[in-house]
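Working notes, beginning with the structure itself.
What follows draws every value from the coordinates through simple rules; no lab data is involved. Model, not experiment: these values are computed from the prediction. Don't worry about glycine lacking a Cβ; one is built from the backbone with ideal geometry, like all the others, and counts go over all protein chains shown.
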Amino acid sequence: MCQAPMKPVSILLVEDDQIDAKAFMRAMETQRISNPVIRAKDGVDAWEILKGMHGDTPLARPHIIILDINMPRMSGIELLRKLRGDEDLRDSIVFVLTTSNDDQDKIEAYNLNVAGYMLKSDMANGFLKAVELIDKYWRVVELPASRMHAATAA
């Protein structure tokens, strides 16, 4: 049985810490995952990338968002609220990868329908495990196509 080739899933890494962003990219390389990774330095930057502001094209679907909670300008929770309130982005797949072990952050993130909440507690193994989980996730689940594409196909 021949399977159709999978469309690459873009990963939007929303991370303000340069060291953590590098650790995530190293984990991607270690796991030999070649998905395109776009980095946003905070929630404002991520929103602009997702919406295609400043004359850019919006981030193509399918995509997965890896989101830190504690960031300047717009926190991860604030970005999640905006995503869930936006008609075009409300179904975005979001994983939280953060240092925050605060139960209130976990509750709020899950109330905003995140796919998972992971801690950066062990820099090397934590990032490897997170990247491995994300890689397996997008290979197994069916991700939604863009709403515009689905509407024109119907």
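Each residue in segment 11-32 was checked for being more than 13 Å from the chain's Cα centre (by Cα) and not in a helix (DSSP H, G or I), and 4 pass. Inspect all residues belonging to segment 82-92 and state whether any of them is surrounded by 21 or more Cβ atoms within 10 Å (Cβ to Cβ), closer than 18 Å to residue 20 by Cα and out of contact with any strand residue (DSSP E or B) (no Cβ under 6 Å at 6 or more places or on another chain). Within segment 82-92, not a single residue is surrounded by 21 or more Cβ atoms within 10 Å (Cβ to Cβ), closer than 18 Å to residue 20 by Cα and out of contact with any strand residue (DSSP E or B) (no Cβ under 6 Å at 6 or more places or on another chain).
Every test in (1) surrounded by fewer than 13 Cβ atoms within 10 Å (Cβ to Cβ); (2) hydroxyl-bearing (Ser, Thr, Tyr); (3) closer than 26 Å to residue 140 by Cα is passed by residue 57 save one, and that test is (3).
Rundown of residues vs (1) among the hydroxyl-bearing types (Ser, Thr, Tyr); (2) without any contact (Cβ under 8 Å) to a residue 60 or more places away in the chain; (3) more than 22 Å from residue 117 (Cα to Cα), yes/no style:
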residue: 16; (1), (2), (3): no, yes, no
residue: 23; (1), (2), (3): no, no, no
residue: 31; (1), (2), (3): no, no, no
residue: 34; (1), (2), (3): yes, yes, yes
residue: 49; (1), (2), (3): no, yes, yes
residue: 64; (1), (2), (3): no, no, no
residue: 75; (1), (2), (3): yes, yes, no
